[in-house]
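The values are calculated or read from the model by the stated rules, or taken from the named source; none is laboratory data. Remember, it's a predicted structure, so these values are computed and weren't measured experimentally. Note that we place each Cβ from the backbone using ideal geometry, even for glycine, and neighbour counts take in every protein chain shown. Each accessible area value is taken on the protein alone, full model and side chains, heavy atoms only, with ligands, DNA and RNA left out. Shrake-Rupley method; radii C 1.70, N 1.55, O 1.52, S 1.80 Å.
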Amino acid sequence: MTWQVDLLILALVLICAVAAINARDLLGASVIFGVYSFLMCLLWAEMGAVDVAFTEATVGAGISTVLFIAAVLRTSRRCKD
Amino acid sequence: MKRIQEKAAQRAFGDNQIIRVSARMMVPFIQLFGLYVIVHGHYSPGGGFQGGVLLGASYILLALAFDLKTSLKTFSESMNSILGTTGALIFVGTAVLCALVGGLFLDYSALEPLLPLGPIEWRSFGIFIVEVGVGLAVMSIMLSLYWDLSSGGELDEGL
């Protein structure tokens with residue numbers, strides 16, 4: 001639609017991606033990754049790909065965040081390096 | 001602080017009446033929406049994969065709000081594997097049946113001699129049958145992924 005909305009969502013996606021890589025807390029990183037998935041879902045819906053947006057919202061933000069949290073619980077929460 | 005750590009060690013942390021009641025109220029609506037997405041898959045956005053993920057997510061919500069034992073009681077593991085393999089069988093069975101009747105693999109219009117609906121109606125109906133199979137398979141795979149990942153493959157205690 002309007003390129004300003006595209007640019008705003010894209011900037012937020014980039015911020016979330018960098019924050020998810022740099023987070024020291026693995027639980028926080030997985031939550032930020034869920035936010036990233038929701039923003040990608042907004043971006044797909046805004047570009048007109050509603051089917052892809054639906055998949056991103058259910059799988060990316062719904063299931064994979066839960067699976068990441070379940071995996072974090074099996075390891076240590078803080079990253080070591 | 002010490003009590004919170006003890007509760008977290010016993011995995012009773014977040015054992016809350018509000019969470020349980022609201023999860024129990026949300027689960028039927030999520031399942032109804034998942035069925036809607038599967039059935040309307042060939043008219044609107046959605047389909048077997050997204051609907052299956054929604055159905056699996058409703059059971060994952062039950063397992064998160066209660067514990068893994070309650071989740072296994074409402075939906076047992078053998079039932080889960082039976083449903084998953086049935087979904088895969090529906091998909092492959094429809095495709096092979098098309099080839100056996102005389103058409104190509106996954107060419108639904110070849111199924112017309114079984115039930116006279118016309119080739120166009122059969123193409124629409126065949127997509128519906130295949131999407132039901134995909135939904136069943138995806139639901140059971142998502143649920144077993146969560147069960148195995150949250151309990152380390154032993155299915156005794158979850159998150």
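Before moving on, here are some points about what is shown:
- Residues of the range A:26-55 that bury at least 30 Å² of accessible area when the other protein chains are present, relative to the chain alone (probe 1.4 Å, heavy atoms, ligands and nucleic acids excluded): A:51, A:54, A:55.
- Projecting the Cα atoms of B:84, A:73, B:63 onto the dipole axis of the protein assembly as shown, where Lys and Arg carry +1 and Asp and Glu carry -1 at the beta carbon, places A:73 farthest toward the positive end.
- Heavy-atom accessible surface that B and A bury in contact, both chains counted, 1.4 Å, Å² to 100: 1400 Å²
- Prolate/oblate/rounded label for chain B (Cα gyration tensor, a/c 1.5): prolate
- Under the span-like rule (Cα at least 20 Å along the axis, Kyte-Doolittle mean at least -0.5), DSSP H helices of chain A: A:3-22, A:26-46
- Value at 222 nm in deg cm²/dmol, rounded to 500, when DSSP H runs of n ≥ 4 in chain B each add -39,500 (n - 2.57): -24500 deg cm²/dmol
- Other residues lying with their Cβ under 12 Å from the Cβ of residue B:101 contribute a combined charge of -2, Lys and Arg counting +1, Asp and Glu -1.
- Neighbour count of at most 13 Cβ within 10 Å plus DSSP loop: longest GluC sites (Glu not before Pro)-free window in chain B: B:1-153
- The range A:24-49 and the range B:84-159 have Cα centres separated by 30 Å.
- A 1.4 Å probe run over the range B:2-151, with the rest of the protein chains in place, finds 57 Å² accessible per residue.
- Helical runs assigned H by DSSP (4 residues or longer) give chain A a calculated mean residue ellipticity at 222 nm of -23500 deg cm²/dmol, each run adding -39500 (n - 2.57) before division by the residue total.
- Range in chain B, longest, excluding exposed chymotrypsin sites (Phe, Trp or Tyr not before Pro) [loop by DSSP; at most 13 other beta-carbon atoms within 10 Å]: B:44-104
- Axis angle, to the nearest 10 degrees, between helix B:77-101 and the longest C-alpha principal axis of chain B: 10 degrees.
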